[in-house]
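What follows draws every value from the coordinates through simple rules; no lab data is involved. The structure displayed is predicted, hence computed values, not measured ones. Note: ideal-geometry Cβ built from the backbone for every residue, glycine included; neighbour counts use all protein chains shown.
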Amino acid sequence: MICFALLGMPGGPELIIILFVVLLLFGGRKIPELMRGIGKGVREFNTARASLEDELQKGVDDEEKKEKKQKQLAAEKLEKVKAEKEKLEAERVSHTD
C-alpha cells in the first residue's frame, strides 16, 4: 500500500518514455487518428452533457412556473372567499338593523 503512495504522478522523463512506447505501439500514422477519435468522443460527451443540463434546467423552470401559477390561483381564490365573506357579513348587518 505504501509503494503506491510513493509512486505518485509520472514526471518529465517518465512521460517521455511513455510517449515513446505509445509511438512504438501505435505507429506515427495511427496516433493522429487516435487523437481525432478521442476529440470526437470528448465533443460528443460535452454536447450530451450540455443537452442534459438544458433539459434539467427546463424541468426546473417548468416546475417553478407551475408552482407560481398554483400560488396565484390560491391567492385569487382566497380573495374571492374574503369578498364573499364581507358581502355576507354586510347583508347580515343590514338585516339585523
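What does the net charge come to around Gly37 if you take all other residues with beta carbon closer than 15 Å to its beta carbon, with K and R at +1 and D and E at -1? Can you show the working numbers first?
On the way: positive: Arg29, Lys30, Arg36, Lys40, Arg43; negative: Glu33, Glu44.
In short, +3.
Between Val81 and Leu52, what length in nm is gained on full extension when 0.36 nm per residue of separation is reduced by their alpha carbon distance? Don't jump to the answer; show the numbers that get you there.
Working: separation 29, 0.36 × 29 = 10.44 nm, distance 4.34 nm.
So the chain would gain 6.1 nm between Val81 and Leu52.
Divide by every residue of the chain the summed helix terms, -39500 (n - 2.57) for each DSSP H run of at least 4, and state the resulting mean residue ellipticity at 222 nm, rounded to the nearest 500 deg cm²/dmol.
Details: 2 runs with 91 residues, N = 97.
One gets -35000 deg cm²/dmol as the mean residue ellipticity at 222 nm.
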Revision key, fill the gap. Calc'd 3J(HN,Hα), the range 47-56, phi into Karplus 6.51 cos²θ - 1.76 cosθ + 1.60 (θ = phi - 60°), Hz, glycine/Pro = x, comes to 5, 5, 5, 5, 5, 5, 4, 4, 5, 5
Practice item. Treat every Asp and Glu Cβ in the chain as -1 and every Lys and Arg Cβ as +1, leave all other atoms uncharged, and give the resulting dipole magnitude about the Cα centre to the nearest 20 debye. Key: 480 debye
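Gain in length, Leu73 to Met35, computed as 0.36 nm per residue apart minus the alpha-carbon separation, to one decimal in nm? The partial results should precede the final answer.
Details: separation 38, 0.36 × 38 = 13.68 nm, distance 5.67 nm.
Between Leu73 and Met35, full extension yields an extra 8.0 nm.
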**Study point:** Under 20 Å from Lys30, Cα to Cα: lysines that are on another chain or at least 8 residues apart
**Key:** Lys40
Revision key, fill the gap. Given the candidates Phe26, Leu73, Gly41, the one whose Cα lies deepest towards the positive end of the charge dipole of the chain, counting +1 at each Lys or Arg C-beta and -1 at each Asp or Glu C-beta, is Phe26
Check your understanding: Which of Lys87, Lys65, Lys30 moves most in a GNM of the chain, Cα contacts under 10 Å?
Key -> Lys87
**Study point:** Dipole magnitude (debye, nearest 20) for the range 36-92, charges at Cβ of Lys, Arg, Asp, Glu
**Key:** 180 debye
Review point. Among Glu67, Glu84, Glu55, whose mean-square fluctuation peaks in a Gaussian network model of the chain (Cα, cutoff 10 Å)?
Key: Glu84
